[in-house]
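The values are calculated or read from the model by the stated rules, or taken from the named source; none is laboratory data. It should be emphasised that the depicted structure is a prediction, and the values quoted were computed from it without experimental measurement. All Cβ positions, glycine included, derive from the backbone under ideal geometry; neighbour counts span all protein chains shown.
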Amino acid sequence: FLRHVRALSTSARQLQNLEVSLTDSVLKIQFNRPEKFNAFTLDMYQEVGSVLNTAAKDSNCVAAMITGKGPYYSSGNDLSNISMMAKLGYDNAGKVLLDYVNAYIDFPKPLIAAVNGPAIGIPVTTLALCDIVYASQSATFHTPFMSLGQSPEGCASLLFPKIMGSSLANEVLLQGRKLSADEALQCGFVSRVFEDSQFETSVGKLVKATAQLPPQSLVLSKQLIRAPMMAALKDANQREAKLLEERWQSEECAQAIAQFFERAKKKN
Amino acid sequence: FLRHVRALSTSARQLQNLEVSLTDSVLKIQFNRPEKFNAFTLDMYQEVGSVLNTAAKDSNCVAAMITGKGPYYSSGNDLSNISMMAKLGYDNAGKVLLDYVNAYIDFPKPLIAAVNGPAIGIPVTTLALCDIVYASQSATFHTPFMSLGQSPEGCASLLFPKIMGSSLANEVLLQGRKLSADEALQCGFVSRVFEDSQFETSVGKLVKATAQLPPQSLVLSKQLIRAPMMAALKDANQREAKLLEERWQSEECAQAIAQFFERAKKKN
Amino acid sequence: FLRHVRALSTSARQLQNLEVSLTDSVLKIQFNRPEKFNAFTLDMYQEVGSVLNTAAKDSNCVAAMITGKGPYYSSGNDLSNISMMAKLGYDNAGKVLLDYVNAYIDFPKPLIAAVNGPAIGIPVTTLALCDIVYASQSATFHTPFMSLGQSPEGCASLLFPKIMGSSLANEVLLQGRKLSADEALQCGFVSRVFEDSQFETSVGKLVKATAQLPPQSLVLSKQLIRAPMMAALKDANQREAKLLEERWQSEECAQAIAQFFERAKKKN
């Protein structure tokens, strides 16, 4: 896998569940499991993290964008992760999460998320770590952490209140309120919403234009903007990952997940 | 009084100026002086604080809501407080304020405010310390601190700029701009507005649903969200209470309050 | 110049590029180079800074407002500044910037910006350091720092994300997205927008009313509101000025400015 990533600047690569390309100085990461609504496997955490860390050092990449293939941006954790995490050990699973989120925190170039459709869970929380978030009209933002007996990650506990105001952030994080694209625009979580039919083209132009700006100005200005938050972001990531390790092993979480499967079974 | 509060989990209680109940794991605190627009006496500060502190430790309470009886949420400080504070000593009055606000800061469970009508003064500022704020269409938010020669409390000096942006926060806190429910929604100070006729029912459902979520997930997630602000909240409360103690004893404040009474007399 | 400023409280003064008056306890600073769209010369940085610092200590001034003469608020740095800065030395130019921004940070009384038309560059960033920002319908807000190979100043790197949310702030600061008055209202950057024809009158009334409030309440409350940010503001100003000193001497910046002049030449 790493060999593929190291070769990033010379050609587009199809990883297992990602499509990665570098065109016009733009690194494009596309979640590529459309048949599973781009649900995140543990491998994908590591793949995305590695691609970001590699692109951080690659001077051919001036800006990066993240998007999903098909109608979903990403439905969040793949159900297989539950058993995988038990096998891997919860401390190791926590480390996977920690490293994934740190890859977003540390990425030094403009990072633009293009939310092409519904997003659930960690693909929502990590949006606040992207510099700019665009949404298509069909995008939704849903973090049902409580109903699964879990807790926020991706620095959402720190950033959502800052971006949305505390009341809406707590509705989203504690009550699992799902935001529409327009609601996300209204509260400042995304800054542009496009019609689905024009989404890819419109975003493509904006990202390309960004990557044509002076690279050093971009990197140094992003650093300036991030600097006052950096320690708090690292700290939030640590605290969130630690709490989730505990939650995953809690009785409450086990029961909530069992109830989730029961509800899902009844639906079918 | 404390005996009443200690018995909280077993039954609903009618305190002097509060109605307190515990149903479906929801503690409901209702300001209950409708004939005085729910104006706050010094006793009420202590009653609300004690109820919150007691409910914090009561496992039968999963979430709490605060609302007002009648057309007002609360018109703020009762006029009798002016002479009461002089009698009590301004340092003791400052301590009452400090403890009251700390009860909001420290409450560990979801705290939801249901602003059923106009709110003035400290009932407005402490909303920002609630996790979620709902408003009825007839709610308004007014903090005329300057025209009374006073200064902000309830951590508003810290939280209003974070929630509303600095320009609107300063209009509200320094110029006494009164916000409508829709303006409060627009700026993120509240996150849902309901028609007056549907307010109680709609809020009731949302609060009940919150109290059915896994309690430990709620408490630990709230703790996570609050953690980065906790020291700053305590500090803001200290500084605000200290400044108000000084303001209450200032010539400027005495004159402003005298002018307020003159204006009120002319109106009648 | 300083003699003029020292005499501030006794009469209105026409400085070289500023019109300064003190009426009804309101200090009014008006950028006065309408034929140059109120472009900022290095002298103007020092003039505005000195006027603010003087008014800070003048008890006849209770509140201050800043606005522009003619159709523009201010088009930002005058093109002459580029050669002036080289002559002055970039460290000295950085010091001029640092002192100018500190005059905004340190101003202890209500500071109200009345953005009467388009604003570009540092006249935009310093708005976030004003307590209240009003805009006329024709106002726009544009910070094309990246396309000139530069970086944000005026504490914008700290304050824009706090006010607008990170996504829009990064569009504005990194992509140079220009905001309309309504967009600036929507995101909380300004808190009132008026029709152009009513702008001066409406703002005049609001500012005058502010200056009639109890002066000590205003000063102490502003201090309370600013206190939690003060160290971070000073720090942001330092980091921003230092980075700009480096940018001004960079190859990238020189090229970007050369390209800007080429584009401007082609237009004519």
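Annotations for the structure displayed:
- The helices (runs of 4 or more DSSP H) found entirely in the stretch B:61-156 that carry 2 or more residues being at pLDDT 95 or above are B:90-106, B:122-125.
- Only one entry in C:LEU224, C:LEU233, C:LEU213, C:LEU220 is within 8 Å of chain B (Cβ to nearest Cβ) and out of contact with any Asp or Glu (no Cβ under 9 Å at 6 or more places or on another chain), namely C:LEU213.
- Every residue from the stretch A:186-204 that is at the interface with another protein chain (Cβ under 9 Å from one of its Cβ atoms), surrounded by 23 or more Cβ atoms within 10 Å (Cβ to Cβ) and in contact (Cβ under 8 Å) with a residue 40 or more places away in the chain: A:PHE189, A:VAL190, A:SER191
- Residue within the stretch C:120-130 that is within 14 Å of another protein chain (Cβ to nearest Cβ) and more than 11 Å from the chain's Cα centre (by Cα) present: no
- Screening A:SER147 against (1) more than 26 Å from A:ASP196 (Cβ to Cβ); (2) within 14 Å of chain C (Cβ to nearest Cβ) leaves a single unmet condition, (2).
- Residue within the stretch A:248-257 that is within 14 Å of chain C (Cβ to nearest Cβ), among the β-branched types (Val, Ile, Thr), touching a residue at least 40 places away in the same chain (Cβ under 8 Å) and out of contact with any Cys (no Cβ under 9 Å at 6 or more places or on another chain) present: no
- Restricting B:LEU159, B:LEU174, B:LEU168 to those that are within 11 Å of chain C (Cβ to nearest Cβ), more than 19 Å from A:ALA169 (Cβ to Cβ) and buried (at least 24 other Cβ atoms within 10 Å of the Cβ) reduces the list to B:LEU174.
- Residues in the stretch B:200-230 that are closer than 15 Å to A:ARG177 by Cβ, in a helix (DSSP H, G or I) and hydrophobic (A, V, I, L, M, F, W, C): B:VAL203, B:LEU206, B:VAL207, B:ALA209, B:LEU218, B:ILE225.
- Condition met for A:SER21 (free of Cβ contacts under 8 Å to residues at least 24 places away in the same chain and in contact with a Lys or Arg (Cβ under 8 Å, 6 or more places away or on another chain)): yes
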